[in-house]
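I have placed the structure first, in the form of structure tokens, so that the comments after it can refer back to it.
The values are calculated or read from the model by the stated rules, or taken from the named source; none is laboratory data. Everything quoted here is computed from the prediction, not taken from an experiment. Counting neighbours? That spans all protein chains shown, and the Cβs are built from the backbone with ideal geometry, glycine included. The protein model used for the area step is the full one, side chains on, heavy atoms only, and it has no ligands, DNA or RNA in it. Shrake-Rupley method; radii C 1.70, N 1.55, O 1.52, S 1.80 Å.
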Amino acid sequence: MAKVNWNLDTAHSEVGFSVKHMMISKAKGTFDSFDAKINADAADLTDADIELTIDVASINTRNNDRDDHLRSADFFDVENYPKITFQATDIEKSGNEYKVTGNLTIKETTKPVTLDVEFEGQSKDPMSGSMVAGFSGSTSINRKEFGLTWNASLETGGVLVGEDVKINFELELQKPE
């Protein structure tokens, strides 16, 4: 099958994260505004062109005060660094799973990251008649490596926010007619 430009179905896609909170639980959130440019044969991503852009101001942890703090200069500094980007540079396939390596940029710091991605399959959408493909995946990063260094010590020991952030995503792509 030839490579085609797939459209992101934002209503059926999500980019989320989780990070340790107070050393005892996890704070979770999503980015509600993001876009993906994917030129690929959905059944074989090994030569795909993949680029993801996240609007950092769209961060949503279901707590307005925390979201405002995350948007501030203490963390993402959205006024100066409004986007997070990922650009794939190498893709390896093993069955329905992929290792998608690329450059992740947060606050103008770019580092290589490998995403574990699973091809969930393709189906014809009964509403639109278009072919759709699904992908899910995850990775972990150390937030301090990207300049997200703010923290607070806890009276009981440890810190308020963990260093390791798990990023997960679900993407539904629609093949143009």
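Before moving on, here are some points about what is shown:
- 3J(HN,Hα) along region 46-52: 4, 10, 6, 9, 10, 9, 10 Hz, from the Karplus curve 6.51 cos²θ - 1.76 cosθ + 1.60 with θ = phi - 60°, whole Hz, x for Gly and Pro.
- Accessible surface, 1.4 Å probe, highest first, among residues V56, V4: V4, V56
- The charge dipole of region 33-177, taken about its Cα centre with unit charges on the Cβ atoms of Lys, Arg (+1), Asp and Glu (-1) only, comes to about 200 debye.
- Pairs from K3/K26; K93/K144; K3/K166; K144/K175; K93/K175; K28/K107 whose Cα-Cα separation, in the structure shown, is over 32 Å: K3/K26; K144/K175
- Listed values for region 74-88 are Karplus-derived 3J(HN,Hα) couplings in whole Hz (6.51 cos²θ - 1.76 cosθ + 1.60, θ = phi - 60°), namely 4, 10, 7, 6, 4, 5, 9, 9, x, 10, 10, 10, 9, 10, 5, and x replaces Gly and Pro.
- Taking the 1.4 Å solvent-accessible surface of the chain as the whole, the part contributed by carbon and sulfur is 46%.
- Those aspartates and glutamates that a straight Cα-Cα span of less than 13 Å connects to K20, excepting residues fewer than 8 apart in one chain: E163, D164
- A 1.4 Å probe run over the protein chains yields, for the chain, 56 Å² of accessible area per residue, whole-number rounding.
- Residues Q122 and Q87, FRET efficiency given R0 of 25 Å [Cβ-Cβ distance, rounded to 0.05]: 0.55
- For region 111-146, the residues whose amide N sits under 19 Å from a probe point set 7 Å from the Cα of D164 along the beta carbon direction are 112-117, 137-146.
- For region 28-40, 3J(HN,Hα) computed residue by residue from phi via the Karplus equation (6.51, -1.76, 1.60; θ = phi - 60°) reads 10, x, 9, 10, 7, 10, 7, 9, 10, 10, 10, 10, 7 Hz, glycine and proline entered as x.
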